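Chemist: Before we start, here is the structure in question, set down as structure tokens.
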Amino acid sequence: MSAVWTTVAEEVAAKLREDAAQRDRGGAAPDAEIELLRASGLLSAFIPEELGGGDGDPATADAVTRVITAADASLGHLLGYHYLHIWRSELFPDADRATRLRRETAANQWFWGGVANPLDAALELTPTDDGFLLNGRKTFASGASVADRLVVSGTRTDTGEKLTFTMDARASGVKYLGDWDNIGQRLTESGGVVFTDSPVAADDVLGVHPTSEEEDSPEALRLSLAQIAFQAVLSQLHVGIAEGALEQAAEYTRTMSRPWFLSGAEKASDDLYVLVGYGELVASTEAAGLLADHASAMLHAAAAEPELTPELRAAAALTISSAKVVSTRVVNEVTSKIFEFVGARATSSKYGFDRFWRNARTITLHDPVSYKARELGAHLLTGELPPITGYS
């Protein structure tokens, strides 16, 4: 992991933290924030140096994502997904196309968004002489409307094959609905998108998804790592939100909170109950972070396995599910519990402590965590491997 890029991330995070609460209330599209990431070079930190980027280390991407998330959960969300979209291009067999994508991203400092909600009806690809025309609608497309390039999945109308491809986020026929109005993650631009005869070049197709009959082949298992990679990123975001909530709450307690008159303490930061309360949250958050990092390491070890088996894939998936279960519980506890230690005056909207809870509550509902716990229980009791789905 590169200390250089985490230092850059800390500098960017300091700027984001200055007005994070105000920007959260405003809910404007994060165009200026994306430009800040672009100017810092963080958009290419996950691309190998020989291709014009940073160090290409997944651990660097995780660390940078956590640092940015702690300051601004929406921007951390967008950056974590950006890194994921770059990485998942390498899962397809065409290594030259993935190399070109990374090289062009570094050269242009492109920001990537995605359009591939598994539960929406599939987008349709109609063949043309030089590619396809894309039609359809997706309900959630985090970061797409502020992206330079998109990773999209759709189904051919002639053969029924499912393809993943890239395209210009400003291509003709692309309409962003601007309908993201949720209580948290307000700056992620996660609204819907409609495609109407949007052109897709044949050369921008990353690859074809395997059929259900092929899902146990090493190639299919490798492609399926993208689904659990999203879950690994979500765990990192959960931990980042918890770390940010603790950092800001602790600063308020040190400088603003008054000790309760029965505590006998001169400062709130000397109150035994406050000390113990924060200590419990710190321990839980650190444990969740270590598990999230271990899950990410398992994911990338699986991706590096030349003959990936269902059992090796399942080992990574189960560890990621453990991280998701633990980090979900921790971030919801931390972002709620801190109010007991900052005190009543800290509920003033100008401090924005509520955004940590709203962001946590929103992002942890991405997909039901109880089904991750079920996977873990089923494996323990019966040896069942997690099903391969759009979320597992």
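The values are calculated or read from the model by the stated rules, or taken from the named source; none is laboratory data. Here the structure is a predicted model, which means the values were calculated and not measured. Glycine gets a Cβ as well: all are built from the backbone with ideal geometry, and neighbour counts include every protein chain shown. Only protein heavy atoms, including side chains, enter the accessible area calculation; ligands, DNA and RNA are left aside. Shrake-Rupley method; radii C 1.70, N 1.55, O 1.52, S 1.80 Å.
Chemist: Applying the selection to region 111-133, what residues are acidic (Asp, Glu) and either open to solvent by less than 50 Å² (accessible area, probe 1.4 Å) or out of contact with any Ser or Thr (no Cβ under 8 Å at 6 or more places or on another chain) (or both)? So that I can check it myself, show each step before the final result.
Modeler: Looking only at region 111-133, we keep the residues that are acidic (Asp, Glu), and these are 120, 124, 129-130.
The answer is 120, 129, 130.
Chemist: What's the number of the condition residue 141 fails, among (1) surrounded by fewer than 24 Cβ atoms within 10 Å (Cβ to Cβ); (2) free of Cβ contacts under 8 Å to residues at least 60 places away in the same chain?
Modeler: Of (1) surrounded by fewer than 24 Cβ atoms within 10 Å (Cβ to Cβ); (2) free of Cβ contacts under 8 Å to residues at least 60 places away in the same chain, only one is false for residue 141: (1).
Chemist: Output the residues belonging to region 256-273 that are of a type in the set (Gly, Ala, Ser) and exposed (fewer than 14 other Cβ atoms within 10 Å of the Cβ).
Modeler: Hit for region 256-273 is 264, nothing else.
Chemist: Within region 259-279, does at least one residue satisfy the condition of being acidic (Asp, Glu), within 33 Å of the chain's Cα centre (by Cα) and in a helix (DSSP H, G or I)?
Modeler: No, that holds for no residue.
Chemist: Against the conditions (1) more than 30 Å from residue 251 (Cβ to Cβ); (2) hydrophobic (A, V, I, L, M, F, W, C); (3) at pLDDT 95 or above, where does residue 78 fall short? Just the number, please.
Modeler: Exception for residue 78: condition (1).
Chemist: Restricting to region 15-48, and then to whatever is open to solvent by 30 Å² or more (accessible area, probe 1.4 Å) and aliphatic (A, V, I, L, M), can you tell me which residue is farthest from residue 359 (Cα to Cα)?
Modeler: Top of the filtered list is 39.
Chemist: Another question, if that's okay. Would you be able to tell me the number of residues in region 208-255 that are in contact with a helix residue (DSSP H, G or I) (Cβ under 7 Å, 6 or more places away or on another chain), surrounded by fewer than 16 Cβ atoms within 10 Å (Cβ to Cβ) and not in a helix (DSSP H, G or I)?
Modeler: 1
Chemist: Any chance region 310-324 includes a residue that's of a type outside the set (A, V, I, L, M), more than 26 Å from residue 217 (Cα to Cα), at pLDDT 95 or above and not in a loop (DSSP other than H, G, I, E, B)?
Modeler: Yes, because at least one residue in region 310-324 is of a type outside the set (A, V, I, L, M), more than 26 Å from residue 217 (Cα to Cα), at pLDDT 95 or above and not in a loop (DSSP other than H, G, I, E, B).
Chemist: Okay, next question. Given 299, 312, which one is open to solvent by less than 40 Å² (accessible area, probe 1.4 Å) and in contact with a Leu (Cβ under 9 Å, 6 or more places away or on another chain)?
Modeler: Of the residues listed, the single one that is open to solvent by less than 40 Å² (accessible area, probe 1.4 Å) and in contact with a Leu (Cβ under 9 Å, 6 or more places away or on another chain) is 299.
Chemist: Among the residues of region 343-368, which ones are in a helix (DSSP H, G or I) and either surrounded by fewer than 22 Cβ atoms within 10 Å (Cβ to Cβ) or among the small types (Gly, Ala, Ser) (or both)?
Modeler: Taking region 343-368 first, the residues in a helix (DSSP H, G or I) are 344-347, 354-363.
Selection gives 344, 345, 346, 347, 354, 357, 358, 360, 361, 362.
Chemist: Is it the case that region 91-107 has a residue that's within 25 Å of residue 192 (Cα to Cα), touching a residue at least 12 places away in the same chain (Cβ under 8 Å) and among the aromatic types (Phe, Trp, Tyr)?
Modeler: No: zero hits.
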